[in-house]
Amino acid sequence: MTFNIHHGKGIDNQVDLQRIAQVIKDSDADIIGLNEVDKHFSKRSHYKNQIGWLAKQLNFEHTFSPSLSLKSKNSGNFMRQYGNALLSRYPIVTKKSHSFNYITGLVEGRSLLDATIQINEQLYQIMVTHLSLSPYLHRKQTEYILNQLHKYPHPTIIMGDWNMKPGSRQWRKLTEKVQDTWQTVGIGTGQTYPSIRPRARLDYIFVSPELQAVKAEVIIKSAKASDHLPLKVTITCHK
């Protein structure tokens, strides 16, 4: 499942991480990519380590990729961070964070979380990202992700908030290499934003050719929890 959690802030302007945890729990997903996650970031999320809290609450393994890191004004013992995160029921055996900050200070930071998980004897590469609204930066970020694909011999799942439309130039580049799972098995528009009366399909789960999407659904229950709706896909491996 991929879910932009808007640092736990729902469309009612309430920050409620328990509500986010309930959406994840009810989804019964095994691997969850999260965007807009705060880690000791600011007063807006009560300086909470959101991914640490969610992982503990739900009993998942986790890792985090900061898109923005700022020094704490308080004790200086921790960094104020904001970025992407991964929750997994399966062991996370390697993890990396790739920064996309090509133009420092001018635009919001972006990053790619790149982790390997193990299910039985099989390794899977899981990438979680949230791409820029800038067309120039979006193109560079997409190219970087596509170049990463060649590095792994095992099946790959790439997910996140892509800030692009189906059929766009970057979407076409991606789908030459990986499958858009909604296009393969989704029914309807697959729109995920905004969470109430959605008008855009911004959230995607792509899979490499060894994987096959069986079912895709946009989860509309608890739509108030964030400004995005989660996208959940059931995947099998036919390697």
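Only the coordinates and a few stated rules stand behind these numbers; no lab work does. Bear in mind that the values here come from a model prediction, so they are computed numbers and not experimental data. Cβ coordinates were reconstructed from backbone atoms using ideal geometry, including for glycine residues, and neighbour counts include every protein chain displayed.
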Discussion item. Give me the extension gain from Asn59 to Ala200: residue separation times 0.36 nm, minus the current Cα-Cα distance, reported in nm with one decimal.
Written reply: 47.5 nm
Discussion item. Taking 0.36 nm per residue of sequence separation and subtracting the Cα-Cα distance, how much length would be gained by fully extending the chain between Thr189 and Lys224, in nm to one decimal?
Written reply: 10.6 nm
Fill in: Cβ-based charge dipole, the range 2-237, positive-most Cα from Ser72, His6, Ser27
Ser72
Discussion item. Over the Cα atoms, compute the radius of gyration (one decimal) and Dmax (the largest Cα-Cα distance, rounded to a whole number) for the chain, in Å.
Written reply: 16.7, 51
Discussion item. For the range 154-239, take the convex hull of the Cα atoms, compute a quarter of its surface area, and give me that in nm², please.
Written reply: 5.5
Response to the item:
Per the range 103-184, sqrt(5λ) over the Cα gyration tensor eigenvalues, sorted largest first, in Å, gives 23, 16, 11
Worksheet entry | Order by protection proxy (mean Cβ within 10 Å, highest first), peptides 108-114, 41-47 | 108-114, 41-47
Worksheet, complete the sentence: Highest mean packing first, using Cβ neighbours within 10 angstrom, the peptides 146-156, 61-71 sort as 61-71, 146-156
Item to complete: Please give, to one decimal in nm, the separation of the simple spin-label points placed at Gln212 and Tyr90, each 7 Å out from Cα toward the Cβ.
Response: 1.7
Worksheet, complete the sentence: per DSSP, antiparallel bridges as share of beta bridges in the chain, % nearest 5, sits at 85
Discussion item. Nothing charged except the Cβ atoms of Lys and Arg (+1) and of Asp and Glu (-1): what's the magnitude of the dipole of the chain about its Cα centre? Round to the nearest 20 debye.
Written reply: 600
Worksheet item: Among all the lysines, which ones have a C-alpha under 24 Å from Lys39's C-alpha, if same-chain residues fewer than 8 places away are not counted?
Response: Lys9, Lys25, Lys48, Lys56, Lys71, Lys73, Lys95, Lys96, Lys224
Worksheet item: For the range 122-239, what is the charge dipole size about the Cα centre, in debye to the nearest 20, if Lys and Arg each add +1 at the Cβ and Asp and Glu each add -1 at the Cβ?
Response: 220
Worksheet item: At what distance in angstrom do the alpha carbon centres of the range 104-182 and the range 1-60 lie from each other?
Response: 21
